[in-house]
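Below: the structure, in structure tokens.
The values are calculated or read from the model by the stated rules, or taken from the named source; none is laboratory data. Values in this document were obtained by computation on a predicted structure and should not be read as measured data. Backbone-built Cβ (ideal geometry, glycine too); neighbour counts: all protein chains shown. The accessibility values were calculated without ligands, DNA or RNA, using every heavy atom of the protein model including side chains. Shrake-Rupley method; radii C 1.70, N 1.55, O 1.52, S 1.80 Å.
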Amino acid sequence: MNKLSLFNHNKRGFHITCFVILCFDLCLFTILYISRENTYYWSDFINYQYFTEYIFDIYKESPYQAFTIIFSSGDTTSYNLLFTAPLLPVLDAFGLSRFTYILSLVLVYLLPFSLSLGAVATQIIQAPPRSVFWGTVFLSLLSPFTLATSLRGLPDTGGMTLICLGIFLYLKSHRSNAKVRLQTVFTLILVGILLAGAIAFRRHFAYSVVAFLAAMLMWEITSFWSWGLRAIAATILRATTIGVSALLTLAIAMPNFLQDSLTRNYRALYSSFTYPIPEVLHYYGNGAGWLLWGLAILGWLTIQDSQRGAFPFLVGLWEIGLWLGVVRYTHVHYTLHFAPFLVWGIAALIWETRRVGVLVWILVGLNAVMGLTPLSLPQVPGLAEGYPPLVREDMAEVGVLVAALRDMPQPVYIAASSEVINPDLIRSAEGQLYPDDVQLSVLRVPQVDSSDDYPLRDLLRANTVVVPDSFQYTLRPEEQTVVRVVSEAFNQEWTLVRDFLRLNRSFPLSDLDVRLYRRVRDTDLATAIETLAKMQEAIAPRYQGHRRWLAVPPGPTVTKTAGEYQISGETPLSVLHLSPLTGTDSLRGQLQSDCSDPAASEGQLQITLHNRRGQVIQQQAFPLSQGPFDYPLTPPELPSYLSVSVSSEGSCQVNLRLQN
């Protein structure tokens, strides 16, 4: 064997050894991490696992049907199931549990993410590529921001992997002159496809794509002085190639997704999730540890090849600027937007200034211990507060509450939205405690002001209401008044509470007490209007998708279609218009009924105006007649609420269409 063959053999052996060690470390850490968790998961910490379980059950019966559902879900306007496809082989081999689900996320998404971070590092750090690559890969596993998303059960790491691969390919293909070769064009098209894939994976990576394109333009502008018009033309060609290929990818593969993303105002829809800049700084600064941020900034300042390092540095700066100045969301999966900036900066500090390399490794390791392990160590200023395993001390008490709710009439309204108690947590707790005998029907109730409806509809449907003794919130309290008003309605004993019987027993959870209310009668129209008026007084009318009509009492089906509402049910039925009337108008719609002769059966359509307390101030009655109608409304003296009721001598099916 000659020296070259021996060198290549040793090189392959080194890479294989490092890869095996990497996989072993990830699996071992995942086992230790998950084994220390003792909690009932909620929200996105468990939702993606539910999606995976749903697809996996179908996959076991028909892989073709499972993949058909997965790929058709990509062109939807809400959560898609694309992330489940690569997980299925792992789950097929090891089965599905919380541990195997997290392990599959780690192996399928976190592992490639760490490798992509190492690949980019080799393009910006002047040191032996093999050492830089594997050193950066293992360094990334000491950053809380790299690991936290997968360990919490979210698949978003896959999207950031595509962003990093795009950065790597762009750096790899970039030349110091202004020429753009055909091979480079193909690479740029691939970069655009990767960026489109990241957006399709999770919508929030659109901000990373914006950061990528903005950083690319700024970086390319630096070559204008040397190459003049040729550089300008090359920059335009590169940016156009990437942007058009990304747009075409989304337009061809996911046209509905693209149209929704471009036309819907997601900034307004999710405005309740934004925080003031100081709180955003506190979350991301303490989450990773200010020490890590400081080391990363020092590292970026030490990069010798400033030309190559400028592009990923600018991408990181744009990410930071967008999340501090525009987006301002705080959640574990958004930490991925900052992970590359931290890892590459610290890697540069280690290899560009080797005298302090050992000290940096020690500090980063200590920060990881503080941020990712359950050790009860005193908090050191500057180190990560991070993401240790989730543990709650009141598991038994939650189990007692769930057992009591299973004996209560369904459905159940949970008037809380905190980590201590929320609707998702109760569903998850029952699933873990009674996996083969799920009985609870927990309503999916409004949680945030900017994107959820008034809580009255679900409250009227509820036969059991769970009310803590204090307002429980996750976001800023002023952004969750849809939760607060229900809590106040029961704690302050609004008129609505007379329709419920409070149980004498209370349930202690953490630092609060939870009370149960059982419905004893339907809520009448007057009480519903009084409750609605109080809710509207408290909740700012920010959500544009509020329902216009509501059945009181619940029973009839109310469906919103283009330009109208369709109400179907048996007489007698009544519906309430949720927006107060302030001027002259008319009630337009269409009536269909299976009554043999609506007029002969003494049926009537009654239009009533109510004041804020639900009292009748005006009333008109019209005989039932099939077909369209247009009834004038008498102008109210004060803002009033409109109700429409349909009655007949005998019960019959009615289909009522009311225009907006």
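Taking the criterion of being β-branched (V, I, T), under 13 Å from N655 (Cα atoms) and assigned to a strand (DSSP E or B), the residues of the range 552-585 that qualify are T557, V558, T559, I567, V575. Scanning the range 370-402 for residues that are free of Cβ contacts under 8 Å to residues at least 12 places away in the same chain and under 19 Å from P435 (Cβ atoms) yields a single hit, A396.
Taking W318, is it assigned to a helix (DSSP H, G or I), under 17 Å from W293 (Cα atoms), open to solvent by less than 10 Å² (accessible area, probe 1.4 Å) and of a type in the set (A, V, I, L, M, F, W, C)?
no
Just checking, which of P435, P446 is assigned to a loop (DSSP other than H, G, I, E, B) and crowded, with 22+ Cβ neighbours inside 10 Å? The conditions single out P446.
Cβ-Cβ contacts under 9 Å between residues 6 or more apart (or on different chains), taken from a first residue in the range 280-291 that is farther than 10 Å from F338 by Cβ to a second residue that is of a type in the set (D, E, K, R), are listed as V280/R328; N286/E385; G289/E385.
Among the residues of the range 608-629, those identified as open to solvent by 30 Å² or more (accessible area, probe 1.4 Å), in contact (Cβ under 8 Å) with a residue 24 or more places away in the chain and over 17 Å from S593 (Cα atoms) are N611, R612, R613, Q615. If we scan the range 406-421, do we find a residue that is within 30 Å of T527 (Cβ to Cβ), open to solvent by 20 Å² or more (accessible area, probe 1.4 Å), in contact with a Leu (Cβ under 7 Å, 6 or more places away or on another chain) and in a helix (DSSP H, G or I)? Yes, there is a match, as at least one residue in the range 406-421 is within 30 Å of T527 (Cβ to Cβ), open to solvent by 20 Å² or more (accessible area, probe 1.4 Å), in contact with a Leu (Cβ under 7 Å, 6 or more places away or on another chain) and in a helix (DSSP H, G or I). Touching a residue at least 60 places away in the same chain (Cβ under 8 Å) and part of a loop (DSSP other than H, G, I, E, B) - does that describe any residue in the range 45-63? For the range 45-63, residues touching a residue at least 60 places away in the same chain (Cβ under 8 Å) and part of a loop (DSSP other than H, G, I, E, B): absent.
Residue-wise test of (1) hydrophobic (A, V, I, L, M, F, W, C); (2) more than 23 Å from S579 (Cα to Cα).
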{"position": "L443", "(1), (2)": "yes, yes"}
{"position": "V465", "(1), (2)": "yes, yes"}
{"position": "T474", "(1), (2)": "no, yes"}
{"position": "E488", "(1), (2)": "no, no"}
{"position": "E493", "(1), (2)": "no, yes"}
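Every residue, every condition in (1) at pLDDT below 95; (2) among the hydrophobic types (A, V, I, L, M, F, W, C), yes or no:
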{"residue": "K172", "(1), (2)": "yes, no"}
{"residue": "T184", "(1), (2)": "yes, no"}
{"residue": "F212", "(1), (2)": "no, yes"}
{"residue": "A231", "(1), (2)": "yes, yes"}
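Scanning the range 499-527 for residues that are part of a helix (DSSP H, G or I) and either at pLDDT 95 or above or in contact with an Asp or Glu (Cβ under 9 Å, 6 or more places away or on another chain) (or both) returns D499, T527. Report yes if some residue within the range 112-123 is free of Cβ contacts under 8 Å to residues at least 24 places away in the same chain, under 21 Å from F29 (Cα atoms) and either part of a helix (DSSP H, G or I) or under 29 Å from the mean Cα position of the chain (by Cα) (or both); otherwise report no. Taking every residue of the range 112-123 in turn, at least one turns out to be free of Cβ contacts under 8 Å to residues at least 24 places away in the same chain, under 21 Å from F29 (Cα atoms) and either part of a helix (DSSP H, G or I) or under 29 Å from the mean Cα position of the chain (by Cα) (or both).
T149 meets all of the listed conditions (1) part of a helix (DSSP H, G or I); (2) among the polar types (S, T, N, Q); (3) touching an Asp or Glu at 6+ places or on another chain (Cβ under 8 Å); (4) surrounded by fewer than 19 Cβ atoms within 10 Å (Cβ to Cβ) but one, namely (4).
Looking across the range 331-373, the residues that are touching an Asp or Glu at 6+ places or on another chain (Cβ under 9 Å) and either open to solvent by less than 50 Å² (accessible area, probe 1.4 Å) or part of a helix (DSSP H, G or I) (or both) come down to V332, H333, Y334, L336, H337, F338, P340, F341, M370, G371. Looking at the structure I just gave you, is P639 at pLDDT below 80 and either touching a Leu at 6+ places or on another chain (Cβ under 6 Å) or exposed (fewer than 15 other Cβ atoms within 10 Å of the Cβ) (or both)? Taking the combined requirement at face value, the residue satisfies it.
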